[in-house]
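K.L.:
Here it is: the structure, laid out below.
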Amino acid sequence: MLLKRIALTSALVLTASAAFADCTISGRVSIIGNEFPAIQTIGAGASECTGGEVTTNLTADHQTLNVPGMQGDPAEYTSAIVANSSIVALMNDDLIRPLDDLIAEHGQDLQKSQLITIDGKVMAVAFMANAQHLVYRSDVLAKIGVDVPTTYEEMLAAAEMIRSQGIMENPVGGAYASGWNLAQEFNNMYIGMGGEFFSAGTAEVSINNAQGVATLEMMKSLSEYMNPDFLTHDSNATNAEYRAGNVALMNMWGSRAASLVEAEGVAQEVVDGMAIAGPMTVGGGNIPATTLWWDGWTVSKNISDEDAAATFIALTHAIRPEMLNEETSSQAVWLISGYEPTDASEGVIAAANAGSVPYPMLPFQGLLHTALGAELTDFMQGKEDAATALADIEAAYNAAAKEKGFL
Amino acid sequence: MKHKTFFWFFLPTAVAMLLFIAMPLVSVVMQSLFTPHEQVFKIVETCDPFGCKQSTGIDLEATNSLRAEKPLGRFAGLNIYLDRGHLASSEVAAAWLKSDGIGAFFNAIGNLPFYRAMAFTLTFTFLVTPLAIILGFVIAVSVNSLHRHLKGLVIFFSLLPMIVSPLIGSLVLFWMIDSRGILGNALQWLFQDPDLSLKASTGLTWVMLMVYGVWHTAPFAFVVFYAGLQTLPQDTLESSMIDGASRWQQIKYVVIPHIMPLVTFVALIQLMDNFRVFEPIVGFNASAHATSLSWFIFNDLAGETRLLSSASTTSVLTILGVCILLSPVLVRTWRDFNRKV
């Protein structure tokens, strides 16, 4: 008994010292970020540091909180965990500082590929990659005798077979909820069709073209194989449909693939049949109809150099190679040296290897995204034609961009 | 009261009103008249884990110096009010010139976000307000005639829809009316239509939102009317019974005239609340079918790039809308007041 207790205590002391040994900070650290397992791991890693106060606010509402929380001087948040889309708002308002000095002093172990460099200055440190890709039911595809689709056209053909053979009524899943999700699906498909969002070098939108029409028509065709409530289905609801065994083919986020069928009560055939493949192409194009994403951390501009150094050290500690273990490895496609890809990461890696393009980091991309999310719904419900929908989107974007001074 | 006493008595209230009502109003109006400076672009090289490329970025130094010169931004006057996201003056004019009939004109107008939102908001307001008042009155009269041992319990349950936070209430209903939910499934069985989906049709979504609106606001009307019923003059009621008035006649000639001032009060509050309908649209994920001015403000502020001027403009338009909506009731109250004096 006593021996056991001694062994346990020393084990605790050992793990504690191993964790705390290499991270001492002298300053305040306050992190805001999104809420999913990989980011919670980062938050916990930063909290291991001693010598200063470390607080985290990980919430799905991070995007509405980070700008106001970093505008004060001193800023409430010393760091925001962002992605390629959300860093733009912080850059536009000049709220994050270049990290070159801090990297020279404390960040020698970071890899060059992790550094997000804008105009020659490092503005963020990326730690994971993400993308949407195909998630399917291998047992259903085997039943209809079809190979894994590599294009959206093949996906439609497979969906028709699944429906006509009476296996599933609505075999296609898609996060087509009006708003951000629907706009993102447009972006994916439009990139796959080879479209350009803006006239080069300007903020003038240019989606009212043949690629735009083709994109909308493909989205409409797909939606005919979806649950009729698709305009209310975000990625959570789409995953629920998949878990319930109602969906056989869907374009889903890599960061959600690992935990997709872990929930309680998922039928065994769904668990066994779940499979992941790379993103699909569309309309005969070579570029996959998806976007690549990175998640990374930044350091606030409006804080003391001492707090900035503490924040940098704590977050560098959180993404050190030793943090990778069996549990954390499957949470994301880590961009940390020594990361061994797991089965769940197959889709994201395939997306990167297939030449997918990153979500554009343009100052005005967010305005187009909002306009798409609000104006696409009429077309998806069959209330207007593709050309009118695209003209509406352009008009809505133009009004917003004029107000913001982009046009 | 002497003028001096009145002044000191009223001062704290006046200061509070100035700080918390007048100042924010002035600030919102100001923000709706100014827009951010023109952004100065420059081409920068952007490198991320997926490679490097040239892209457009904002020249922060140039933008910051513009901002330092004129912190309020560019004066836009009524430009934002008249742009496509709001009153859309030029789009309406174009629609008027182009359309060959009144139907085509309304179709074109219905494609503009502001007018589409107004169509839903006004329908919602003018259906939900009277229905909630009628339902609240019926509940109040029924509860009032219950045995006193039962009253407490029934009142508590009648108030539940109001106690539950609107967002949660609408989420619960949202799941129940899903085509796989208990209510959605029951409706499919009732109408013998397996493809019936409340969420996929605009008309049914409107009905659903309005049913939710009545469900949520009726308890407020009920509570106010129930309180009013406690002061019902028993003498008048008894004499009407002696005169042989039926239950319906008692309600029509005694109860309703007695609580009429309360009906005005409830109508005022609910017109205001219903015009700002917001939570059910978010809770029911219904923005594809129904939007409101409040939802626009939310949408402007929730995007990655926030549109402050646009949101302020919508706020001012909401205030104007509420003023227009309430003016008949206010004028009537003012006349009643003058008649009494």
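K.L.:
Go through (1) over 24 Å from B:I43 (Cα atoms); (2) without any contact (Cβ under 8 Å) to a residue 24 or more places away in the chain; (3) within 11 Å of chain B (Cβ to nearest Cβ) for A:F127 and report which single condition fails.
P.N.:
(2) is the only condition that A:F127 fails.
K.L.:
While we're on this one: Might you check whether a residue that is touching a strand residue (DSSP E or B) at 6+ places or on another chain (Cβ under 7 Å) and among the basic types (K, R) occurs anywhere in region A:297-307?
P.N.:
Yes, because at least one residue in region A:297-307 is touching a strand residue (DSSP E or B) at 6+ places or on another chain (Cβ under 7 Å) and among the basic types (K, R).
K.L.:
Would you check which residues across region B:18-61 are in a strand (DSSP E or B) and more than 30 Å from A:A352 (Cβ to Cβ) and list them?
P.N.:
B:F34, B:T35 - these are the residues of region B:18-61 that are in a strand (DSSP E or B) and more than 30 Å from A:A352 (Cβ to Cβ).
K.L.:
Let me ask something else. Tell me whether region A:319-333 contains one or more residues that are modelled with pLDDT of 90 or more, away from chain B (no Cβ under 13 Å) and more than 30 Å from A:A277 (Cβ to Cβ).
P.N.:
Yes: one or more hits.
K.L.:
Are any of the residues in region B:178-192 touching a helix residue (DSSP H, G or I) at 6+ places or on another chain (Cβ under 6 Å) and part of a helix (DSSP H, G or I)?
P.N.:
Yes, region B:178-192 contains a residue that is touching a helix residue (DSSP H, G or I) at 6+ places or on another chain (Cβ under 6 Å) and part of a helix (DSSP H, G or I).
K.L.:
Helices (runs of 4 or more DSSP H) wholly in region B:257-341 with at least 2 residues that are without any contact (Cβ under 8 Å) to a residue 40 or more places away in the chain - which ones?
P.N.:
Details: elements: B:279-283, B:293-302, B:308-340.
Per the criteria, B:293-302, B:308-340.
K.L.:
Okay, next question. Counting only residues that are surrounded by 24 or more Cβ atoms within 10 Å (Cβ to Cβ) and assigned to a loop (DSSP other than H, G, I, E, B), which one in region A:362-405 is farthest from the other protein chains (Cβ to nearest Cβ)?
P.N.:
This residue is A:L376.
K.L.:
Now for a different question. Hey, can you tell me all the residues within region A:337-361 that are within 9 Å of chain B (Cβ to nearest Cβ) and either in contact with a helix residue (DSSP H, G or I) (Cβ under 9 Å, 6 or more places away or on another chain) or assigned to a strand (DSSP E or B) (or both)?
P.N.:
Within region A:337-361, A:S356, A:V357, A:P358, A:P360, A:M361 qualify.
Each row is one residue, and each column tells you yes or no for (1) among the charged types (D, E, K, R); (2) farther than 25 Å from A:L292 by Cβ; (3) in contact with a strand residue (DSSP E or B) (Cβ under 9 Å, 6 or more places away or on another chain).
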| site | (1), (2), (3) |
| --- | --- |
| A:I25 | no, yes, yes |
| A:T41 | no, no, no |
| A:G52 | no, yes, yes |
| A:H62 | no, no, yes |
| A:M70 | no, yes, yes |
| A:A75 | no, yes, yes |
| A:N84 | no, no, yes |
| A:D100 | yes, no, yes |
| A:Q108 | no, yes, no |
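K.L.:
In this structure, is A:I287 out of contact with any Leu (no Cβ under 8 Å at 6 or more places or on another chain), farther than 27 Å from A:N236 by Cβ and more than 14 Å from chain B (Cβ to nearest Cβ)?
P.N.:
No: the conditions fail for A:I287.
K.L.:
Moving on to the next point. Would you point out the residue of region B:27-53, among those that are at the interface with another protein chain (Cβ under 7 Å from one of its Cβ atoms) and within 17 Å of A:A400 (Cα to Cα), that is surrounded by the fewest Cβ atoms within 10 Å (Cβ to Cβ)? Outline the logic, then answer.
P.N.:
Applying the first criterion (at the interface with another protein chain (Cβ under 7 Å from one of its Cβ atoms)) to region B:27-53 yields B:35-39, B:43-50.
Filter once more, keeping what is within 17 Å of A:A400 (Cα to Cα): B:35-39.
Values: B:T35: 24, B:P36: 20, B:H37: 20, B:E38: 16, B:Q39: 22.
Among those residues, the one meeting the criterion is B:E38.
K.L.:
Could you list all residues from region A:313-328 that are part of a loop (DSSP other than H, G, I, E, B) and free of Cβ contacts under 8 Å to residues at least 60 places away in the same chain?
P.N.:
Selection gives A:L324, A:N325.
K.L.:
Also: Residues that are polar (S, T, N, Q): find the helices (runs of 4 or more DSSP H) completely inside region A:30-120 holding 1 or more of those.
P.N.:
A:37-47, A:62-71, A:87-92
K.L.:
Pull up region B:294-341, narrow it to residues that are closer than 16 Å to B:V277 by Cβ and within 14 Å of another protein chain (Cβ to nearest Cβ), then point me to the one that is surrounded by the most Cβ atoms within 10 Å (Cβ to Cβ).
P.N.:
B:T314
K.L.:
Helices (runs of 4 or more DSSP H) wholly in region B:62-128 with at least 3 residues that are on the phi < 0 side of the Ramachandran plot and more than 10 Å from chain A (Cβ to nearest Cβ) - which ones?
P.N.:
B:89-98, B:102-110
K.L.:
Follow-up. Given the structure, is A:T55 over 23 Å from B:P49 (Cβ atoms) and either at pLDDT below 95 or touching a helix residue (DSSP H, G or I) at 6+ places or on another chain (Cβ under 9 Å) (or both)?
P.N.:
yes
K.L.:
Name the single residue that is surrounded by the most Cβ atoms within 10 Å (Cβ to Cβ) among those in region A:193-219 being in contact with a helix residue (DSSP H, G or I) (Cβ under 7 Å, 6 or more places away or on another chain) and not hydrophobic (A, V, I, L, M, F, W, C).
P.N.:
Quick first cut of region A:193-219, residues in contact with a helix residue (DSSP H, G or I) (Cβ under 7 Å, 6 or more places away or on another chain) only: A:193-195, A:197, A:203, A:205, A:207-208, A:211-213, A:215-219.
Retained after the next criterion (residues that are not hydrophobic (A, V, I, L, M, F, W, C)): A:194-195, A:208, A:211-212, A:215, A:217.
Values: A:G194: 15, A:G195: 20, A:N208: 18, A:Q211: 20, A:G212: 24, A:T215: 27, A:E217: 14.
The extreme case among them is A:T215.
K.L.:
Return the residues of region B:81-121 that are free of Cβ contacts under 8 Å to residues at least 12 places away in the same chain and basic (K, R); say none if nothing qualifies.
P.N.:
Answer for region B:81-121, where residues must be free of Cβ contacts under 8 Å to residues at least 12 places away in the same chain and basic (K, R): just B:K98.
The values are calculated or read from the model by the stated rules, or taken from the named source; none is laboratory data. Note that this is a predicted model, so its numbers are computed, not measured. Ideal geometry is used to build each Cβ from the backbone, glycine not excepted, and the neighbour counts take in all protein chains shown.
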